[in-house]
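The values are calculated or read from the model by the stated rules, or taken from the named source; none is laboratory data. Keep in mind that this is a model prediction, so the values were computed, not measured. Ideal geometry is used to build each Cβ from the backbone, glycine not excepted, and the neighbour counts take in all protein chains shown.
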There are 2 protein chains.
Amino acid sequence: MEKQKKLVEAITDMEKDFPQWYTDVVKKADLAGYSQLKGCMIIRPYGYAIWELLQKQMDARFKETGHENVYMPMFIPESLLQKEKDHVEGFAPEVAWVTHGGETPLQERICVRPTSETLFCEHYSNIIQSYRDLPKLYNQWCSVVRWEKTTRPFLRTTEFLWQEGHTAHATAEEAQQETIKMLHVYADFCRDVLAIPVITGEKTAKERFAGAKATYTIESLMHDGKALQSGTSHNFGDGFAKAFDIQYTDKDNQLQYVHQTSWGTSTRLIGAIIMVHGDNSGLVLPPKIAPIQVVVIPIAQHKQGVLEKAEQLKTNLEAVARVKLDDTDKSAGWKFSEYEMKGVPIRLEIGPKDIEKNQVVLVRRDTSEKEVVSMDILETRIEQLLEEIQQNLLQRAAKRRDCKTYVAKTMEEFEKQLNTSQGFIKAMWCGEQSCEDAIKEKTAATSRCIPFEQEHISDSCVCCGKPAKHMVYWGRAY
Amino acid sequence: MEKQKKLVEAITDMEKDFPQWYTDVVKKADLAGYSQLKGCMIIRPYGYAIWELLQKQMDARFKETGHENVYMPMFIPESLLQKEKDHVEGFAPEVAWVTHGGETPLQERICVRPTSETLFCEHYSNIIQSYRDLPKLYNQWCSVVRWEKTTRPFLRTTEFLWQEGHTAHATAEEAQQETIKMLHVYADFCRDVLAIPVITGEKTAKERFAGAKATYTIESLMHDGKALQSGTSHNFGDGFAKAFDIQYTDKDNQLQYVHQTSWGTSTRLIGAIIMVHGDNSGLVLPPKIAPIQVVVIPIAQHKQGVLEKAEQLKTNLEAVARVKLDDTDKSAGWKFSEYEMKGVPIRLEIGPKDIEKNQVVLVRRDTSEKEVVSMDILETRIEQLLEEIQQNLLQRAAKRRDCKTYVAKTMEEFEKQLNTSQGFIKAMWCGEQSCEDAIKEKTAATSRCIPFEQEHISDSCVCCGKPAKHMVYWGRAY
């Protein structure tokens, strides 16, 4: 009983201290732990199982859109990293440098990949000769390293797992189509699998990826009103192709440069899941990425027939869901708290009285609603309920996001809103970086994106008052 | 026509130059390429698709035996690597050292993991308290780095992909059971999925993993008669537990050290697939890990109805196999060579005459046998044929291995055999390392393992003539 109390007490209320709530959930739900090395996390079995489900479903979408997986080396020689000027400037300050192989100093130092554009470009320059070789639609799942000063599990770590797509096309039009297509693959995936609604749009020049001609982003809003960049898609034009000499012979036998894209998402998405759906009892998982979708908890399990029935239910339900039976000797109440903490979508309680009545009790994690269900229709009801929970989480997140999306016509409104209740601020912008800089200095908010869905809020820039070019989403961000 | 000739000419006969044949197959079957950095390979889409199929099926076997996946950091601080004396001696000479994060020199240098025992031990010392926390059955899929002087794609590369299982148990008996269980998971996997028969047994003390109490191995025999260590499983006893202070409270409230194991296989298995099954036309893939199991090649595809029928067949067959339709404008002969090179198990030819007769022609990659099959029973026949090919590859490999397994009672026989026709040599051994060293010096053969299935060949050690303790498999190895 004391231990149970401890478990529940251990979560800080999110309203009281959101960062501490986040850390508590990561730890108490057994998602990740720290290693001895600062900023490097250990992804524990429960956290990794979420990643595997996420990866499997995203990978299927990549393959459906014609992409192939490859594996590139983790090391980049310094001279290779330096081939594209903007790119090296963006990444060199935060890479880990290898200087020795065993006892031998290396002739040239090599870095652990922070991203793999340079490796893919080098490879493409070797394997692309003719228009028949195009497009190349490659992706890789791997880990990358960026030497970060401030780190938080899943959100910003020195090493993280991700996927990076890298494609090469014959024309600028095709590259632009690919860039936008993959952004929509991400947005659809977030909506349909993670139950996270996102804003899609273009980054301003200031926020562009190092070396990109255009960067597009999906932006989501966390429970605390802060924004999270959840995935990006870049159009490189022929900039990298020129730096790496990636040319092909077209149908008219003329040499042409290829046009390239890259796009990535990472374990950061697990941070988004925690901060979009979680509550003061812990994690809340969308059924599609829940390692356990239904936990079966026997009540008075020492009584005859209870465990047998629970096991039978588990076996039957395995046809329609990922099920776990917890028949350990912990108290039922302790188990309730534990699986709430782990965000399991449905708790199934089965005790002697239920068996008598040929029924079970189902409890939804998202709403805490209880329902009594006949065993005769259990499988069908579980399937429906998982779908209902998935939909409800999406609707709830969309509603919260909409409620926390504000409009500002003046800097006073802008500042006041952020200091009252954080969220997305929609405001007009002249297109000048000086205004972005000024807004950031005043409010700590950055431009999240120029959304594809533009709205007319006023005629003038919220900052300088000059004629506005775009409506922009602003926010304080992770 | 010139290009087609070139493709076929490009493979060296394996009897003429086996290493060159291997390199040709890796390159011509589009499995892997080299990166700019010596010893680091690029795994290309076709090679990576094989790895994905292998990984998926092996991972399922790990999960069936109760293991969970995790992800540990790729970096190990030097002080952590040094905690277990034998282990650091074994690995320090071949690790890559990171000395700078961005522009800042690190206070302590860190290495890129060559293997992760130290990281798992550190983690286990934090998360294991009570007997209730045991066993811990963890596995991870990742890449590791060993600074090798001589490298060959898949067989020995500076960076390679692998899985490493790391487990902790309450008793020495349980750890030993786990070590042997996982060795058999590997052996069964090789037999049932890769169609590779292996010898199972224990490594001699000399060949043990750095820090292990006992190392077990699966050894396979390549086409050229050289052996390949294809997977290993180690029992660490409580050596690492003592070095890392991993203790738990047992049921009697006494502190006890855990007993640990680790086990690993890698992309080296792709090297084994190439060298066990391949032939002078290229790769030969066991159906279970073939990214394309059936390639549909339309004959006279410009004629009316041919492509439509080919597409319809492809769609139907997708229910029972991984199918590709090649409707490019290359000649049929060129396509035949290309998919032979890629080791696709079944070629399906469909032309105007076949359509008239409601039939197709199937050609097996393993035997080159042709058969004419009615379209009415095509799906059933394809399923059968894939199974037949899978079985035939295993039987063929077992037969070849058995034919190349020799017995030596004297060093003269031993040497003569290896100089005539290489293979496994079964010979008795006294148990002294001096004899292992002498045999290696004379013949370049190493002890592959002390097989579980012992045979009595003679009473005395093949090298020194003293009383023999074990029958050992010897061979020159990759």
Across the stretch A:288-312, which residue is farthest from A:K56 (Cα to Cα) among those that are in contact with a helix residue (DSSP H, G or I) (Cβ under 7 Å, 6 or more places away or on another chain) and in a helix (DSSP H, G or I)? A:V306
Suppose we filter the stretch B:302-325 for residues that are surrounded by fewer than 18 Cβ atoms within 10 Å (Cβ to Cβ) and either over 18 Å from B:A49 (Cα atoms) or at pLDDT below 95 (or both); how many remain? 12
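Only one of A:I292, A:I273 is modelled with pLDDT of 95 or more and within 15 Å of the chain's Cα centre (by Cα); which? Outline the logic, then answer.
On the way: A:I292 fails: within 15 Å of the chain's Cα centre (by Cα).
Result: A:I273 is the single residue among A:I292, A:I273 that is modelled with pLDDT of 95 or more and within 15 Å of the chain's Cα centre (by Cα).
Mind telling me which of the residues A:T179, A:T158, A:T167 ends up being polar (S, T, N, Q) and over 14 Å from A:H234 (Cβ atoms)? Outline the logic, then answer.
Details: A:T179 fails: over 14 Å from A:H234 (Cβ atoms); A:T167 fails: over 14 Å from A:H234 (Cβ atoms).
Only one candidate qualifies: A:T158.
Conditions tested, residue by residue: (1) in contact (Cβ under 8 Å) with a residue 40 or more places away in the chain; (2) polar (S, T, N, Q).
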{"site": "B:S337", "(1), (2)": "yes, yes"}
{"site": "B:I346", "(1), (2)": "yes, no"}
{"site": "B:I355", "(1), (2)": "yes, no"}
{"site": "B:L362", "(1), (2)": "no, no"}
{"site": "B:I377", "(1), (2)": "no, no"}
{"site": "B:T405", "(1), (2)": "yes, yes"}
{"site": "B:K416", "(1), (2)": "no, no"}
{"site": "B:F424", "(1), (2)": "yes, no"}
{"site": "B:A427", "(1), (2)": "yes, no"}
With the structure loaded, tell me whether A:E84 is among the acidic types (D, E), closer than 24 Å to B:G33 by Cβ, in the same structural domain as A:H234 (by TED's automatic domain parsing) and surrounded by 15 or more Cβ atoms within 10 Å (Cβ to Cβ) or whether it fails that test. yes
Residue by residue through the stretch A:67-76, note down the ones that are more than 7 Å from every other protein chain (Cβ to nearest Cβ) and more than 22 Å from the chain's Cα centre (by Cα). A:I76
Sole miss for A:S79 among (1) out of contact with any Leu (no Cβ under 7 Å at 6 or more places or on another chain); (2) away from every other protein chain (no Cβ under 11 Å) is condition (2)
Take B:R44 and decide whether it is of a type in the set (D, E, K, R), in contact with a strand residue (DSSP E or B) (Cβ under 7 Å, 6 or more places away or on another chain) and at pLDDT 95 or above. yes
A:Q417 vs. criteria under 22 Å from the mean Cα position of the chain (by Cα) and either part of a loop (DSSP other than H, G, I, E, B) or not assigned by TED's automatic domain parsing to the domain that holds A:T151 (or both): no
Within the stretch B:31-51, does at least one residue satisfy the condition of being farther than 25 Å from B:R191 by Cβ and aromatic (F, W, Y)? yes
Strands (runs of 3 or more DSSP E) enclosed by the stretch A:348-412 - at least 3 residues per element that are surrounded by fewer than 16 Cβ atoms within 10 Å (Cβ to Cβ): A:370-374
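Considering only the stretch A:421-430, I want to know if a residue exists there that is charged (D, E, K, R) and over 19 Å from A:A227 (Cα atoms).
So in the stretch A:421-430, the residues charged (D, E, K, R) come out as A:426.
Within this subset, residues satisfying the condition of being over 19 Å from A:A227 (Cα atoms) are none.
Checking the stretch A:421-430: not a single residue is charged (D, E, K, R) and over 19 Å from A:A227 (Cα atoms).
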Identify all residues within the stretch A:123-136 that are within 7 Å of another protein chain (Cβ to nearest Cβ) and part of a strand (DSSP E or B); write none if there are none. none
Between a first residue in the stretch A:53-66 that is over 14 Å from A:G264 (Cα atoms) and a second residue that is not in a helix (DSSP H, G or I), which pairs have beta carbons less than 7 Å apart while being 6 or more apart in sequence or on different chains? A:L53/A:P291; A:Q57/A:V193; A:G66/A:L137
Kindly provide the set of residues from the stretch B:417-431 that are of a type in the set (S, T, N, Q) and farther than 23 Å from B:K466 by Cα, ordered by number. B:N419, B:T420, B:S421, B:Q422
If you go through the stretch A:11-57, how many residues are of a type in the set (D, E, K, R) and at the interface with chain B (Cβ under 8 Å from one of its Cβ atoms)? 2
A:K149 meets each of (1) modelled with pLDDT under 95; (2) crowded, with 21+ Cβ neighbours inside 10 Å with one exception, condition (2)
Are any residues in the stretch B:123-133 buried (at least 21 other Cβ atoms within 10 Å of the Cβ) and either in contact with a helix residue (DSSP H, G or I) (Cβ under 9 Å, 6 or more places away or on another chain) or modelled with pLDDT under 95 (or both), and if so, which ones? B:Y124
Search result, residues across the stretch B:84-95 that are outside any helix (DSSP H, G or I) and out of contact with any Asp or Glu (no Cβ under 8 Å at 6 or more places or on another chain): B:V95
I'd like the residue in the stretch A:110-122 that is crowded, with 24+ Cβ neighbours inside 10 Å and of a type in the set (D, E, K, R) and, out of all such residues, is farthest from the other protein chains (Cβ to nearest Cβ). A:E117
From the residues in the stretch B:251-295 that are without any contact (Cβ under 8 Å) to a residue 60 or more places away in the chain and of a type outside the set (A, V, I, L, M, F, W, C), which one is nearest to B:M182 (Cα to Cα)? B:Y257
Before we move on, is A:Q107 more than 9 Å from chain B (Cβ to nearest Cβ), without any contact (Cβ under 8 Å) to a residue 40 or more places away in the chain and either outside any helix (DSSP H, G or I) or over 21 Å from A:T158 (Cβ atoms) (or both)? yes
Single match in B:V98, B:V144 (criterion: more than 9 Å from chain A (Cβ to nearest Cβ), under 30 Å from the mean Cα position of the chain (by Cα), within 30 Å of A:E78 (Cβ to Cβ) and assigned to a strand (DSSP E or B)): B:V144
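Which of the residues spanning the stretch B:321-364 are acidic (D, E) and more than 29 Å from the chain's Cα centre (by Cα)?
Looking only at the stretch B:321-364, we keep the residues that are acidic (D, E), and these are B:326-327, B:329, B:338, B:340, B:349, B:354, B:356.
Once the filter is applied, which keeps residues that are acidic (D, E) and more than 29 Å from the chain's Cα centre (by Cα), the stretch B:321-364 yields B:D326, B:D327, B:D329, B:E349, B:D354, B:E356.
Name the single residue that is surrounded by the fewest Cβ atoms within 10 Å (Cβ to Cβ) among those in the stretch B:441-462 being more than 20 Å from B:Y216 (Cα to Cα) and either of a type in the set (G, A, S) or without any contact (Cβ under 8 Å) to a residue 12 or more places away in the chain (or both).
Here is the first cut: in the stretch B:441-462, the ones more than 20 Å from B:Y216 (Cα to Cα) are B:441-444, B:456-462.
Subsequent filtering for residues that are either of a type in the set (G, A, S) or without any contact (Cβ under 8 Å) to a residue 12 or more places away in the chain (or both) retains B:441, B:444, B:458, B:460.
Working: B:E441: 8, B:A444: 11, B:S458: 15, B:S460: 16.
This residue is B:E441.
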